[in-house]
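Worksheet: the structure to be examined is printed underneath.
The values are calculated or read from the model by the stated rules, or taken from the named source; none is laboratory data. Quick caveat, the model's predicted, so the values are computed rather than measured. Here Cβ is always computed from backbone atoms with ideal geometry, including for glycine, and neighbour counts include all displayed protein chains. Side chains included, ligands, DNA and RNA excluded: accessible areas come from the protein's heavy atoms. Shrake-Rupley method; radii C 1.70, N 1.55, O 1.52, S 1.80 Å.
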Amino acid sequence: MDSETVDRTFTPAAHEALKAFPIDAEDLTLVSLSENVTFKVADRRDGRAYVLRLHRPGYHTLQELISERAWIRALAEAGIDVPSAVLARDGQDYVPVTIPATGEQRFAGMASWTEGRLLSDVLAETDNQKRVEESFTQLGAITAAMHNQASAWQPPPGFKRHALDSDGLMGMAPHWGEFWEHRSLSAGERRLLLEMRQRLHDMLGRLSREPHAYSLIHADMHPGNIVVDGDRLTVIDFDDAGYGWHQYDLATALTHWQTKSNAAEIERAFLAGYRAGRPVADEALSLLPQFRLIRWMATIGWFHQRPEVNRPSSVFEERKAWVLEQCEALQRSRL
């Protein structure tokens, strides 16, 4: 969708939604058009910046969106840097808004703007190995702190989020889509993914779901969802947060770097930061290769569900090739 179409489709709805929030809005700017439509907006009274997000229909109910906010507030209370929500004038977290061009209804939510740069962009621009490892050590520590909070937290009545359990990740109707149905797969590749799906589903079904191992997780905890401002790292984008195994968060943080020449050093740095804040058994970490595979199999499902989202074809082909290679390797072994 080009910028003109975006402006015609979503900007009128964004202006309408802004009327419900306690700011005097100006300088509405599109930041991201992906699953959600995200704008940056300033308050002309003091220049303070905010994020306005029009959530995609059909992914989360209003109850699930409100629950996401409840967890984010609890994380903030635990000392974890996350965006601060802005309530509407009526005290609600979200307001319904209709997209005039399509007739669809979305929920609009607002939060404070997080100053800084994405950690993924910062890391992409540096060849300083020490800086990269230090960043992943910090990321590991933040992930541990989030798991500590989630394992001990009692959600409020009515709290609801999806489950990235054995069915949510590797069932026949997984949360991120039927990855084995992607249009680019051959019949043989599809059979391979279906066989591996079943083996991984069985493996997940044997894992503990006690809070020390399975709780609320961010579920998209990679450097592209971390904002750097000096020494401060802020976790953003909780859209995919739900119940799942902690190894999934660990694998997600590492997966995009697993093909780099320094992948082993990055993993050691990340796990050192994590273990400094939260004990984790070697047995649990031994499953990280399987969870990395699960993550990228799920990502193929993400691409399958969202053909309209623009991503370089090379990114998908890299992931697909790696997934098929790992499936073949695991096919020759025992999970």
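Matching residues to (1) assigned to a helix (DSSP H, G or I); (2) on the phi > 0 side of the Ramachandran plot; (3) surrounded by 13 or more Cβ atoms within 10 Å (Cβ to Cβ); (4) touching a helix residue (DSSP H, G or I) at 6+ places or on another chain (Cβ under 8 Å):
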position: THR11; (1), (2), (3), (4): yes, no, yes, no
position: LEU30; (1), (2), (3), (4): no, no, yes, yes
position: LYS40; (1), (2), (3), (4): no, no, yes, no
position: GLY47; (1), (2), (3), (4): no, yes, no, no
position: TYR50; (1), (2), (3), (4): no, no, yes, no
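Residue-wise test of (1) among the hydrophobic types (A, V, I, L, M, F, W, C); (2) closer than 20 Å to ARG69 by Cβ; (3) out of contact with any strand residue (DSSP E or B) (no Cβ under 8 Å at 6 or more places or on another chain).
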| residue | (1), (2), (3) |
| --- | --- |
| LEU119 | yes, no, no |
| THR126 | no, no, yes |
| THR143 | no, no, yes |
| LEU164 | yes, yes, no |
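Rundown of residues vs (1) among the polar types (S, T, N, Q); (2) more than 24 Å from THR234 (Cα to Cα); (3) open to solvent by 30 Å² or more (accessible area, probe 1.4 Å), yes/no style:
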{"position": "GLY140", "(1), (2), (3)": "no, no, no"}
{"position": "TRP153", "(1), (2), (3)": "no, no, yes"}
{"position": "GLY158", "(1), (2), (3)": "no, yes, yes"}
{"position": "MET170", "(1), (2), (3)": "no, yes, no"}
{"position": "GLU178", "(1), (2), (3)": "no, yes, yes"}
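What do you reckon, is GLY103 modelled with pLDDT under 95, of a type in the set (Gly, Ala, Ser) and assigned to a loop (DSSP other than H, G, I, E, B)?
Considered against the rule, which asks whether it is modelled with pLDDT under 95, of a type in the set (Gly, Ala, Ser) and assigned to a loop (DSSP other than H, G, I, E, B), GLY103 comes out as yes.
Return the pair list, or none, for Cβ contacts closer than 6 Å from residues in the stretch 243-267 that are closer than 25 Å to PHE159 by Cβ to residues that are among the hydroxyl-bearing types (Ser, Thr, Tyr), at least 6 apart or on different chains.
Pairs that qualify, where the first residue is closer than 25 Å to PHE159 by Cβ and the partner is among the hydroxyl-bearing types (Ser, Thr, Tyr), are TRP245/TYR214; ASP249/THR143.
Check whether at least one residue in the stretch 191-214 is crowded, with 18+ Cβ neighbours inside 10 Å, of a type in the set (A, V, I, L, M) and not in a helix (DSSP H, G or I), and report yes or no.
So far as the stretch 191-214 goes, no, none of its residues is crowded, with 18+ Cβ neighbours inside 10 Å, of a type in the set (A, V, I, L, M) and not in a helix (DSSP H, G or I).
Working carefully through the options ARG69, ARG89, find the one that is open to solvent by 30 Å² or more (accessible area, probe 1.4 Å), under 14 Å from GLY109 (Cα atoms) and outside any strand (DSSP E or B).
ARG89
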